Each structure stands twice: as structure tokens, then as C-alpha cells.
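S.K.: For reference, the structure I am asking about is given below.
The values are calculated or read from the model by the stated rules, or taken from the named source; none is laboratory data. Not measured: the values here are computed from a predicted model. Backbone-built Cβ (ideal geometry, glycine too); neighbour counts: all protein chains shown.
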Amino acid sequence: MQVDASAAAQAGWLRAIEPGRSDGRLVAESFEGSRPAQTVPIPPDIAPELNAGLLGSGIAALYTHQLEALEAAREGNVVVTS
């Protein structure tokens, strides 16, 4: 019997996340539907080495959510991505 890759991925995610739901470590969950990508320029004050690495990889802009995460981290907030 062949297992659907999407179903297998969902089952794996549930095994990984369910303990946090059960014992209270997971304090928030959200889902946002898809929307068109929005980009912003790479901030001019970003580390030169990082900027060079991004440009060298063909990345000339950030997605808006990436800039939001960068700004949150700069303010001292904990940022977790998946």
C-alpha cells in the first residue's frame, strides 16, 4: 500500500507537535492562507557579508515577512520559523 506523501508529512507533523499541545509548551498556532508574494529591498544596514551572500545567491530582495522577522529579532524578540 502506497502512502500519500502529503498524508505522511501531516502525520509526521502531528507526531512532532502534539506533545507541545498536550503539555502547554505550544502557546499559539495560526494558519494563513496563500497570497501574492510581496518583496522589499534588502535593508542597507544589514551585515555586508550577509548582503554579499544573498546577492551572490541571486537574492536581491526580501519577502515582507522576512523583513518583519528580522526587525522583530533586532528588537530582542524570539523568532521561531518553520
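S.K.: Considering the range 48-77 alone, what residues qualify as being part of a loop (DSSP other than H, G, I, E, B), over 17 Å from the mean Cα position of the chain (by Cα) and modelled with pLDDT of 95 or more?
M.R.: 57, 58, 60
S.K.: Another one. Which condition does residue 6 not pass, out of (1) within 19 Å of the chain's Cα centre (by Cα); (2) hydroxyl-bearing (Ser, Thr, Tyr); (3) not in a loop (DSSP other than H, G, I, E, B), if it passes all the others?
M.R.: (1)
S.K.: Being free of Cβ contacts under 8 Å to residues at least 12 places away in the same chain and polar (S, T, N, Q) is the filter here; which residues of the range 1-43 pass it?
M.R.: Matches in the range 1-43: 2, 6, 10, 22, 30, 34.
S.K.: Within the range 18-47, which residues are among the β-branched types (Val, Ile, Thr) and not in a loop (DSSP other than H, G, I, E, B)?
M.R.: Selection gives 39, 40.
S.K.: Also: Can you pull out every residue in the range 16-32 that is surrounded by 11 or more Cβ atoms within 10 Å (Cβ to Cβ) and among the hydrophobic types (A, V, I, L, M, F, W, C)?
M.R.: 17, 26
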